[in-house]
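The values are calculated or read from the model by the stated rules, or taken from the named source; none is laboratory data. The structure presented is a predicted model; accordingly, all values stated were derived computationally and were not measured. Don't worry about glycine lacking a Cβ; one is built from the backbone with ideal geometry, like all the others, and counts go over all protein chains shown. The protein model used for the area step is the full one, side chains on, heavy atoms only, and it has no ligands, DNA or RNA in it. Shrake-Rupley method; radii C 1.70, N 1.55, O 1.52, S 1.80 Å.
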Amino acid sequence: QVQLVESGGGLVQAGGSLRLSCEVSGSIFSINAMGWYRQAPRKEREWVASITSGGSTNYADSVKGRFTISRDNAKNTVYLQMNSLKPEDTAVYYCKVQARAYPFNYWGQGTQVTVSS
């Protein structure tokens, strides 16, 4: 019943910007946090950014100062604004919801971000 759908990915040149969206549908008992992860080809999935239920944000060192995570509770949507993109940002970006009850974690299917030099 629970679905997370990412959108907003695409192809941009280095220095450009993209805004990713993750729409959450279905019933989740209680959301502790929401976040974004990414996985480059042949690499392990890595954490990018998160926002807690209280609104606190955290970022991986590689994206600090360039990416901003935010949410719209009325729309059940979390966003990732990505500025000053670099070729090394190229990856599939995944949205994750962390709940306070089992199964705890919900994942979207991912959206491709490609940054060309």
Over its Cα atoms, what ratio of radius of gyration to 2.2 N^0.38 Å does the chain give? 1.02
For the range 78-117 and the range 1-58, write down the distance between their C-alpha centroids in whole Å. 4
In sequence order, calculated HN-Hα J values of the range 41-46 (Karplus, 6.51, -1.76, 1.60; Hz; x Gly/Pro): x, 6, 10, 6, 5, 10
Phi angles of the range 56-70, converted by Karplus (6.51 cos²θ - 1.76 cosθ + 1.60, θ = phi - 60°) into ³J(HN,Hα) in whole Hz with x for Gly and Pro, give 6, 10, 9, 9, 5, 4, 5, 10, 4, x, 10, 10, 9, 9, 8
Using a 1.4 Å probe on the protein heavy atoms, what percent of the accessible area of the chain belongs to carbon and sulfur? 45
Taking springs between alpha-carbon atoms closer than 10 angstrom, which of Gln98, Gln13, Gln39 fluctuates most in the Gaussian network model of the chain? Gln13
Taking trypsin sites (Lys or Arg not before Pro) in a DSSP loop with at most 16 other Cβ atoms within 10 angstrom as exposed, one finds the longest site-free stretch of the chain at 1-41
Per residue solvent-accessible surface (Å²) - the chain, probe of 1.4 Å: 56
If I take every Cα pair under 8 Å that is 6 or more residues apart in the chain, average their sequence separation and divide by the length, what percent do I get for the relative contact order? 36
How about the range 24-117: which GluC sites (Glu not before Pro) there are in a DSSP loop, with at most 10 other Cβ atoms within 10 Å of their Cβ? Glu44
Let me know the charge dipole size of the range 60-117 about its Cα centre in debye, to the nearest 20, where only the beta-carbon of Lys, Arg (+1) and Asp, Glu (-1) is charged. 200
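Within the set of other residues whose C-beta is less than 15 Å from the C-beta of Leu85, count the net charge using Lys and Arg as +1 and Asp and Glu as -1.
+3
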Exposed-site-free run, longest, the chain (rule: chymotrypsin sites (Phe, Trp or Tyr not before Pro); DSSP loop; at most 10 other C-beta within 10 Å): 30-103
